[in-house]
Amino acid sequence: MPLQQTAVPAVRAAPGAEDTRTPLTENALRESERHLRAIFDGAHDALSVLDDRRVIVDVNPSACRLFARSKPDLLGQRCDDVLACDRDFGDLWSEGQSGESVEGGFRMVSTDGVVRDVEYSLRPHILHGRHLLALRDVTERKQIEATQRRLAAIVESSDDAIVSHSLDGTVESWNAGATHLYGYEASEVIGRPIALTVPVERMAEIDLLWARFERGEHVQHYETVRLRRDGTRIPVSLTVSAIQDEASGIIGASTIARDITERKQFERAVQEKNLDLERANLAKDRFLAGMSHELRTPLNAVIGFTGTLLMRLPGPLTNEQERQLKTIQVGARHLLSLINEILDVAKIESGAVDLKLEETSCQELLQEVSASIRPLAEAKGLRLDSSLPDRPVVIRTDRRAVRQIVTNLAGNAVKFTERGSVLVGLETTNGDGPPRVRIRVTDTGAGIAEEDLTKLFRPFTRLHAADGIPREGTGLGLHLSQKLAHLLGGKIEVKSEPERGSEFTLELPQEDV
Amino acid sequence: MNARIVVIEDNETNLDLMSFLLRAFGHETLEARSGEEGLALIAREAPDLLLCDLDLPGIDGYEVIQRLRALRGLDRTPAIAVTAYAMAGDRERALRAGYDGYIPKPIFPETFVQQVEGFIAAGRRPSSAPTNRPTMAQRGD
């Protein structure tokens, strides 16, 4: 912005200069000179009067401030010596000698070392041999302009639509992001109502938002829908801030709108995916239930009628008939165990197992398991001992699952032990970390070779016992038990020494899973 | 203890198995192959016990027990679900529907009759609704 015309100062006429003015009375003349002097001294701009040799012959207080020197100090100095700037003052002076005013800007350093942005205007020959140099300090204005340019660049480069509008909803600014989002150019929309970006069905929302805004609430990430020029509706997230004026308070608002189409699509996709998964899981559950039902029905006839024959309900049996029927019975019961365990594993893997957590007395549970295993142990001539603490140990867990695991471990112990005993123990941990209980099943059986220990929990692992005696089993029991233990927030660990025996430990958290 | 037992089962083999077993132990069996037929049989014969499959053509075993529990004078008939629905939760579902007992298939003939006789001796479970006014609402919990 060029420097405005400065009031022509009244300077003392140079000696010998011809006075062309209308003669005035002495008094009026003095009055006029005082008047002009006051204007000269009161001017905001720094004014210096130079002679033909660029020597300063007069300065106003603004000039003293700009140069940071006193008036007596400045008078009689050549302007070139006083003015330290990034333009050559000689060049500037020469330009002015053609008689035209010269205007422009430069940076100068005043005596106090401060760098200032300055606009100058050199008006040569305001009087004979007198030239006026007017300087205006625009440092602050330049800084504000630079800040504004920076902010404008940020706003302009944002992907978000940033729009400001006045209190009555008239659009005042519109960035490139807004053009991209709404489809209007800034020139088309500035001065028009912001409501043209709001779909009819959302009009009521403007008043609502405004009311929240006036209550001083921060409107942030408000999810709604806005209207493009082509009529399409875009999901957006709005953040609204007040535009304040020192004098009159809120004078408008700026709205940042972010296009959340992609996020919404993503959310919908995730939702649909979840629904699909739910449906798939439900279908799997139904399939498992159906399979369970369909496999059991024919097995009922096999196990049932084999049983009635062996009970001799229809009539007597020969020894060979009995032997063969027993083979069918064992096979059928094995098949039933397989079906049960495969379904259990499938249910755990599809996440269809609902744990029923309840206060469970470990002692009671272990006594129940021992009671059910005892006949098997005694039939083999084994001792079944238990070592349970006197203090009741109660944990919150799924009783049925724990019973299933311990029954499996104790059953295996009896199965793989030919001589000696099976011991069921219980202890609680007092070390670091959350309290846990350990249920230990120790046997004096065949033991497991070290290389087999890692395979133990895999499905359908049928290890050859170290004593070479083949045993019945589905190959799923330990696999299932470990899965159940994990489900309960615990684990099963094993230690074994061939020919000395094995120790299986079920560790469970005392608190909820 | 000779009891009269209605058996509702649509699978001929399984019906045959249960009937044979029960008769072998001296009980009288009355056979039905659908829920509707079974309920008619109960209404006519007022048996000592009902054994009922859950997966039936027409009304299923859950519906059978609801209707039985609404039959004035017969609502206290002990009833056992004998079913191949043997996944976790199936027992609870059957008991909630109004059955007094639940025996999963396959049945074990060595213990089956003993189990069944236990229910005849015990009669209706103690938590049952009052004799004269059982309602659907009380059953449908």
Just to check your reading of the model, which residue among A:Glu358, A:Glu322 is exposed (fewer than 13 other Cβ atoms within 10 Å of the Cβ), acidic (Asp, Glu) and without any contact (Cβ under 8 Å) to a residue 60 or more places away in the chain?
A:Glu358
Taking only the range A:387-424 into account, find how many residues are without any contact (Cβ under 8 Å) to a residue 40 or more places away in the chain, within 55 Å of the chain's Cα centre (by Cα) and more than 14 Å from every other protein chain (Cβ to nearest Cβ).
9
Under 7 Å between Cβ atoms, at least 6 apart or on separate chains: pull out the pairs that start in the range B:90-110 with a residue that is among the basic types (Lys, Arg) and end on any residue that is part of a loop (DSSP other than H, G, I, E, B).
B:Arg96/B:Asp141; B:Lys105/B:Ala84; B:Lys105/B:Ala86
Which residue, of A:Arg107, A:Arg87, is over 22 Å from A:Ile39 (Cβ atoms) and assigned to a strand (DSSP E or B)?
A:Arg107
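Residues in the range B:106-121 that are within 9 Å of another protein chain (Cβ to nearest Cβ) and either surrounded by fewer than 17 Cβ atoms within 10 Å (Cβ to Cβ) or over 14 Å from the mean Cα position of the chain (by Cα) (or both): how many?
Taking the range B:106-121 first, the residues within 9 Å of another protein chain (Cβ to nearest Cβ) are B:106-110, B:112.
When the remaining residues are screened for being either surrounded by fewer than 17 Cβ atoms within 10 Å (Cβ to Cβ) or over 14 Å from the mean Cα position of the chain (by Cα) (or both), the result is B:106-110.
Matching residues across the range B:106-121 total 5.
Residue-wise test of (1) at pLDDT 90 or above; (2) more than 14 Å from A:Val240 (Cβ to Cβ); (3) among the small types (Gly, Ala, Ser).
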| site | (1), (2), (3) |
| --- | --- |
| A:Gly177 | yes, yes, yes |
| A:His180 | yes, yes, no |
| A:Gly183 | yes, yes, yes |
| A:Asp207 | no, no, no |
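In the range B:92-105, what count of residues is obtained for those that are farther than 19 Å from A:Gln404 by Cβ and facing chain A (nearest Cβ under 10 Å)?
Step one: filter the range B:92-105 for residues farther than 19 Å from A:Gln404 by Cβ, giving B:93-101, B:103, B:105.
Remaining after also requiring facing chain A (nearest Cβ under 10 Å): B:105.
The total comes to 1.
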Of all residues making up the range A:332-362, the number that are under 21 Å from A:Asp285 (Cβ atoms), in a helix (DSSP H, G or I) and more than 9 Å from chain B (Cβ to nearest Cβ)
8
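Regarding B:Leu51, is this residue under 20 Å from B:Lys105 (Cβ atoms), modelled with pLDDT of 95 or more and within 14 Å of chain A (Cβ to nearest Cβ)? Write out each step before concluding.
Details: under 20 Å from B:Lys105 (Cβ atoms): yes; modelled with pLDDT of 95 or more: yes; within 14 Å of chain A (Cβ to nearest Cβ): yes.
Judged against the criteria, B:Leu51 is a match.
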In the range B:61-91, anything over 20 Å from B:Leu30 (Cβ atoms) and either in contact with a strand residue (DSSP E or B) (Cβ under 9 Å, 6 or more places away or on another chain) or more than 10 Å from chain A (Cβ to nearest Cβ) (or both) is listed as B:Tyr62, B:Gln66, B:Ala70, B:Arg72, B:Ala84, B:Tyr85, B:Ala86, B:Asp90, B:Arg91
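Return the residues of the range A:312-331 that are within 14 Å of another protein chain (Cβ to nearest Cβ) and under 27 Å from A:Arg471 (Cα atoms); say none if nothing qualifies.
Selection gives A:Leu325, A:Lys326, A:Ile328, A:Gln329, A:Val330, A:Gly331.
The values are calculated or read from the model by the stated rules, or taken from the named source; none is laboratory data. It should be emphasised that the depicted structure is a prediction, and the values quoted were computed from it without experimental measurement. Cβ: placed from backbone, ideal geometry, glycine included. Neighbour counts: every protein chain shown.
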